[in-house]
Amino acid sequence: MSETGLPTEQTHYHYVIYKPFRYLSQFVPESRKRKPLLGELYAFPAKTMAIGRLDHDSEGLLLLTTDGMQSHRIRSKSVEKEYYVQVDGEASADQVQQLQQGVEIGISGAKYQTLPCEVKLLVPEPNLPERGRKVRDARHGPTSWLSITITEGKNRQVRKMTAAVGLPTLRLVRVRIGAIHLKQMQPGEVIPVTNLAI
């Protein structure tokens, strides 16, 4: 309560982070898994939650908050999520078009048709920090980089989408959520912000 006797507005905390490769997008460890957790990057306050997830092999932009309403809003289909994806092989115009139109993937044992989305071939390849573990040796064949922007958030959706058109994902970095960009952040970096203006 304030000095006037009226309830005070609850203070929430928000963070923009670069989730490193192999980190889990959570604070509580899973049984038999000894992978590093978000709490090892920063002294986050109690009740901090990740807004959505990046699987442990994926990197990049992750938003954290103590405000459940913010989390619900940002996870909605009204907010775009953009990924830079390195795939195995030379992506053709036909494969890019298939991804743009939507492809059939498996979700929890059922078939699912992804929504139309924005897909672009990235030439030259994006300037990203080193991953920490080499993706693979160049002698194993060519790779391509794609920008894929979706509004959905199915489990491992982008990886399943590229695999569906014959382009297995080798590296996946989320670079944008709405109006928030990864910019020049480095793996493990944490930036406290006053709000999450998407």
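Net charge within 12 Å of Lys77 by Cβ-Cβ distance, Lys/Arg positive one each and Asp/Glu negative one each, not counting Lys77 itself? Mind dumping the intermediate values first?
Numbers: positive: Arg73, Arg75, Lys81, Lys154; negative: Glu80, Glu152.
So the surrounding residues net to +2.
For Met69, project a label point 7 Å along Cα to C-beta. Then give me every residue of the range 168-198 with its amide nitrogen under 16 Å of that point.
Those under the cut-off are 195-198.
Å³ per residue of the Cα convex hull, for the chain? Show your work: numbers first, answer last.
Numbers: hull volume 29.9 nm³, N = 198.
With only Cα atoms used, the chain gives 151 Å³ per residue.
With a cut-off of 8 Å between alpha carbons and a minimum separation of six or more residues, what is the relative contact order of the range 16-104 in percent? Mind showing how you got there, number by number?
Values: 92 pairs, mean separation 24.2, N = 89.
Across the range 16-104, relative contact order equals 27 percent.
Could you grab the relative contact order for the range 54-198? Cα pairs under 8 Å, six or more apart, rounded to a whole percent. Spell out each step's value before the answer.
On the way: 220 pairs, mean separation 57.6, N = 145.
Contact order relative to length: 40 percent.
Given the pairs Lys19/Lys160; Lys77/Lys154; Lys35/Lys77; Lys81/Lys154; Lys47/Lys154, which span a C-alpha to C-alpha distance of over 18 angstrom in this model? Each step should come with its number before you reach the end.
Working: Lys19/Lys160 21 Å; Lys77/Lys154 11 Å; Lys35/Lys77 30 Å; Lys81/Lys154 12 Å; Lys47/Lys154 24 Å.
Too far apart for the 18 Å limit: Lys19/Lys160; Lys35/Lys77; Lys47/Lys154.
Among Pro124, Tyr83, Asn155, pick out the residue whose Cα is farthest towards the positive end of the charge dipole of the range 81-177, where Lys and Arg carry +1 and Asp and Glu carry -1 on C-beta, about the Cα centre.
Checked the options; the winner is Asn155.
Under a cut-off of 14 Å between alpha-carbon atoms, report the aspartates and glutamates in cross-link reach of Lys183, not counting same-chain residues fewer than 8 places apart.
Correct list for Lys183: Glu59, Glu82.
Starting from the eigenvalues of the Cα gyration tensor, five times each then square-rooted, give me the equivalent ellipsoid semi-axes of the range 143-186, largest first, whole Å. Present the calculation step by step, with values, prior to reporting the outcome.
Numbers: eigenvalues 83, 38, 14 Å².
Those come to 20, 14, 8 Å.
Can you tell me the convex hull volume per residue for the range 81-177, based on C-alpha atoms, in Å³ to the nearest whole number? Please list the in-between numbers first.
Values: hull volume 10.3 nm³, N = 97.
That works out to 106 Å³ per residue.
Charges only on Cβ, +1 for Lys and Arg, -1 for Asp and Glu: so what's the dipole of the range 60-134 about the Cα centre, in debye to the nearest 20? Show your work: numbers first, answer last.
Details: 9 positive and 10 negative charges, 71 e Å.
In total the dipole reaches around 340 debye.
Throughout, read-outs are computed from the coordinates displayed, never taken from laboratory work. What you are looking at is a predicted structure, and each value in this text was computed from that prediction instead of being measured. Here Cβ is always computed from backbone atoms with ideal geometry, including for glycine, and neighbour counts include all displayed protein chains.
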